[in-house]
Amino acid sequence: MTTTRSQLPFGRRPLTAHMRWRYGWSAVGVIGSGFCAGLAASLLLLILGYVAIQGVAALNPAFLTHVPRPVGVPGAGVANGIVGTFIVVGIAVALATPVGVFTGIYLALFGRGRFAETVRFLADVLSGIPSIAIGLFAYTLFVQPFRHFSALSASLAFAILMLPLIIRTAEESIARVPTRVREGALALGISTYSSTIHIIVPAARAGIITGLLLAIARVTGETAPLLFTAFGSQFWELNPTNPMAVLALQVFTYAISPYEDWHRQAWAGAFLLIVAVLILNVSARLVLRNRFEA
Amino acid sequence: MPAPYQFPYLVGGAETLARPASEPRPPSKMATDGLNVFYGQFHAIKHVTLSLPDRRVSALIGPSGCGKSTFLRALNRMHDLTPEARVEGSVTLDGTDIYGPGIDPVEVRHRIGMVFQRANPFPKSIFENVVFGPKVHGERRHRELIEICERSLVKAALWDEVKDRLNSSALGLSGGQQQRLCIARQLAVEPEVILMDEPASALDPLATAKIEDLIFALRRDYAVVIVTHSMQQAARVSDLTSFFLLGEMIETGPTAEVFTHPTDRRTEDYITGRFG
Ligand SMILES: Nc1ncnc2c1ncn2[C@@H]1O[C@H](COP(=O)(O)OP(=O)(O)OP(=O)(O)O)[C@@H](O)[C@H]1O
Ligand SMILES: [Mg+2]
C-alpha cells in the first residue's frame, strides 16, 4: 500500500521543493543578518576596548586635577578642560532647555496649521546641518563682532545643536500623554495653562529628561564648532566670556600634535569622553524605564 | 393588536421605578434649546431640546454612534477643544447660557464636572489626584486639603480601600478603583452638575454595582447626567431617561414611563432589543 503525502500526519510530511527553497533562503537571511549584527557589535567593542586600553594607561590623578603643561613636563592634566566642558555644556543646556521644551509643548498641544508644520520642518533640517556650519554661525554672530573668542559662543553653538533633539523628544513624549488625561484635568475646571504645567509636562517628564540627556551626550563629544568659538586655553578659565579649554578640543589638539606624550593624553581624554557619553546614555535608559511612576 | 411587550430589564426594579412618577417634577438645573453639534459637515446632534433636573439622575440611552457622548460633551463645553466641532443653539445652567458672550469655559467646567468612560487618573499619588483640583482653585491649607481628600474618597466609596496608601501612585489601583478615584476627584472640586459618560462600561459587575450605588447617592446633592448602554443600569439609577437615535432625541420622560409605556415605536424597538 502506498501512502500519499497528504495521508501522513501533519509535521511528518516531506517538504516540497518549494518549501525547502523557502526555508533555505530564510536560513541564509537569518545567518547573514546575524553575522552583520555581530560584525557591527564587535567593531564597536573593538573601538571601546582600544580606547579604554590606551586611555587607562595614560590616566593618573594628575591628569584629572592639573592644567596642561609644556610637552615633556610631568604632571600635566586636563582639569581645566573637564571644568570647561561642564561650563560650556551647562550654559548650552540652560539656553536650549526652555526654548526646546516650550517649543515641544507648543507643537504637541497646539501644533496644527502651517506655522507648526514649518517649525517641525525647520527642526528636522536643523538636526541635519553639520556642526561645523553651526560653529561658523556662532562665530559670525558672537565672536567676530567682539573680536574675542569665548566659551559663551561655544555654548550658543551647542544650544543650537541640541535644540532639534530636545524639541522632538519633548513633543513626542507630551503627545504620548493620553488626551483623556488632559480632558480629565479640564473637566475639573482647570485652565489649559495649569493642566499643561501641573499634569501634562510632569507626566511627560521622563521623556523630556531622556531627550535632554541624549542631547547632552551628542554635544559633549562635539569638537568642530569649538575650534573657532571656545578656542581653547592652557589655563584655568572660569569666565565664560573668555576663551576656554574644553575636553574634546584638547583631545583634538593633542592628537594632531607631533609629541608622543600628548598622544597619550589624547587617548586618556578620549576615554573620559566615552565614559561620560556612556553614563549619559545609560541614565537616559534608566529614566525611561521608570517613567510610569508617579 | 400586538401583544404587550415584556421588559426583562425591569424585573426586580419595581420599587426604584415607582419613585420618580410619584414625586413632583423638580426644577431644571440645565437645559438645552435647539442644540445642534456639527463635526465639520457632519450633523451629529440635531435640534435637541431637553431639560435636566436638579438633584435627579438623567440617563441618556441609544445605540452606538447616535450622539450621546457628543451631546454630553456639549453640556460642559468639552467641544471647545475639538477644532472641527461646532455647537449651535443654547445650553443653560441655572438659566444662563454657558456659550454666551463673556462666559469663561474654565468656570463652566468647574461647575459642570465630567467622569469619562475610561478612568483617567493623573500619573500622581492618590492624594494628589483628589486634591489637585482644589489646590489649583486656590486651597493652600494642608489640613483643609487632607479633609477634602478624605471626604471625597468617602463619598466615592473608595476611602476604606485606599486610606493606608494615599501616597502611592494612582496608576497602581484597579480599573474600578481608578474610576471611583476619578469620581472622588470630581467631587473634590464641588461641581453642581456631574456628567458621566458610560462610567461603568469597563468594569466588572461588582465594581459596577459600587458605581451605581454611588450615582444613586449623588442625586441627593447634584444634578447627574449619565450615558449608558445598559438598560438595566438606566432603570436602576435614573429618574429620567432620554432616548437618542441618529443625533435626534426621540423621547424623554420619567424612566418608568419610558421603559414601560414608550410613546415612540423606535424607543420601544430599542428597549426591547430589536436593534441597537
Ligand atoms: N471628533 C469627531 N469627528 C468627527 N465625527 C465624530 C467625532 N466624534 C464623534 N463623531 C461622530 O459623531 C457621531 C456620534 O458620536 P458619539 O461619540 O457622540 O456617539 P455615542 O452615542 O456616544 O456612541 P457610543 O455609544 O459608541 O459611545 C458618530 O457618528 C461619530 O462617528
Ligand atoms: Mg460615547
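I'm checking my understanding of the structure. Among residues of the range A:108-147 that are basic (Lys, Arg) and open to solvent by 70 Å² or more (accessible area, probe 1.4 Å), which one is nearest to A:Val88 (Cα to Cα)? Full working, then the answer.
Of the residues in the range A:108-147, the ones basic (Lys, Arg) are A:112, A:114, A:120, A:147.
With the extra rule that they be open to solvent by 70 Å² or more (accessible area, probe 1.4 Å), the set shrinks to A:112, A:114, A:147.
Details: A:Arg112: 35, A:Arg114: 35, A:Arg147: 19 Å.
Looking at the filtered set, the residue picked out is A:Arg147.
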Sole miss for A:Ala248 among (1) surrounded by fewer than 19 Cβ atoms within 10 Å (Cβ to Cβ); (2) in contact (Cβ under 8 Å) with a residue 60 or more places away in the chain is condition (1)
Selection from the range B:66-96 of residues that are in contact with a helix residue (DSSP H, G or I) (Cβ under 6 Å, 6 or more places away or on another chain) and in a loop (DSSP other than H, G, I, E, B):
B:Asn76, B:Arg77
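Limited to the range A:181-210, what total is found for residues that are hydrophobic (A, V, I, L, M, F, W, C), more than 23 Å from the chain's Cα centre (by Cα) and at the interface with chain B (Cβ under 9 Å from one of its Cβ atoms)? Let's see the steps before the verdict.
So the first thing to find is which residues in the range A:181-210 are hydrophobic (A, V, I, L, M, F, W, C), and the list is A:181, A:185-188, A:190, A:197, A:199-201, A:203-204, A:206, A:208-209.
Those left that are additionally more than 23 Å from the chain's Cα centre (by Cα): A:181, A:185-188, A:190, A:197, A:199-200.
Checking the rest, the ones that are also at the interface with chain B (Cβ under 9 Å from one of its Cβ atoms) come to A:181, A:185-188, A:190, A:199.
Adding up the residues that qualify gives 7.
Does B:Arg111 satisfy being within 11 Å of another protein chain (Cβ to nearest Cβ) and open to solvent by 20 Å² or more (accessible area, probe 1.4 Å)? Break it down into steps so the answer makes sense when it comes.
Values: within 11 Å of another protein chain (Cβ to nearest Cβ): yes; open to solvent by 20 Å² or more (accessible area, probe 1.4 Å): yes.
The answer is yes for B:Arg111.
Yes or no: B:Ile194 of a type outside the set (Gly, Ala, Ser), assigned to a helix (DSSP H, G or I), closer than 17 Å to B:Gly113 by Cα and within 12 Å of chain A (Cβ to nearest Cβ)? Before you say what the answer is, go through the steps one by one.
Numbers: of a type outside the set (Gly, Ala, Ser): yes; assigned to a helix (DSSP H, G or I): no; closer than 17 Å to B:Gly113 by Cα: yes; within 12 Å of chain A (Cβ to nearest Cβ): yes.
Considered against the rule, which asks whether it is of a type outside the set (Gly, Ala, Ser), assigned to a helix (DSSP H, G or I), closer than 17 Å to B:Gly113 by Cα and within 12 Å of chain A (Cβ to nearest Cβ), B:Ile194 comes out as no.
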Out of B:Leu206, B:Leu153, B:Leu166, B:Leu158, which single residue is within 14 Å of chain A (Cβ to nearest Cβ) and either buried (at least 18 other Cβ atoms within 10 Å of the Cβ) or more than 16 Å from ligand 2 (Cβ to nearest atom) (or both)?
B:Leu166
More than 20 Å from the chain's Cα centre (by Cα), of a type in the set (Lys, Arg) and surrounded by fewer than 21 Cβ atoms within 10 Å (Cβ to Cβ): does that describe A:Arg264?
yes
Per the list (1) open to solvent by less than 10 Å² (accessible area, probe 1.4 Å); (2) more than 9 Å from ligand 1 (Cβ to nearest atom), residue check on B:Thr49 breaks on (1)
Cβ-Cβ below 6 Å, separation at least six or inter-chain, first residue in the range B:38-58 and of a type in the set (Phe, Trp, Tyr), second near ligand 1 (Cβ under 10 Å from one of its atoms): which pairs?
B:Tyr39/B:Glu84; B:Tyr39/B:Ala85
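Which residue, of B:Leu93, B:Leu75, is at pLDDT 90 or above, more than 9 Å from every other protein chain (Cβ to nearest Cβ), surrounded by 20 or more Cβ atoms within 10 Å (Cβ to Cβ) and within 16 Å of ligand 2 (Cβ to nearest atom)?
Details: B:Leu93 fails: within 16 Å of ligand 2 (Cβ to nearest atom).
Answer to the check: B:Leu75.
The values are calculated or read from the model by the stated rules, or taken from the named source; none is laboratory data. Note that the structure is predicted; figures quoted are calculated from it, not measured. Using ideal geometry, Cβ is built from the backbone for each residue, glycine included, and neighbour counts are taken over all protein chains shown. Heavy atoms of the whole protein, side chains included, go into the accessibility calculation; ligands, DNA and RNA do not. Shrake-Rupley method; radii C 1.70, N 1.55, O 1.52, S 1.80 Å.
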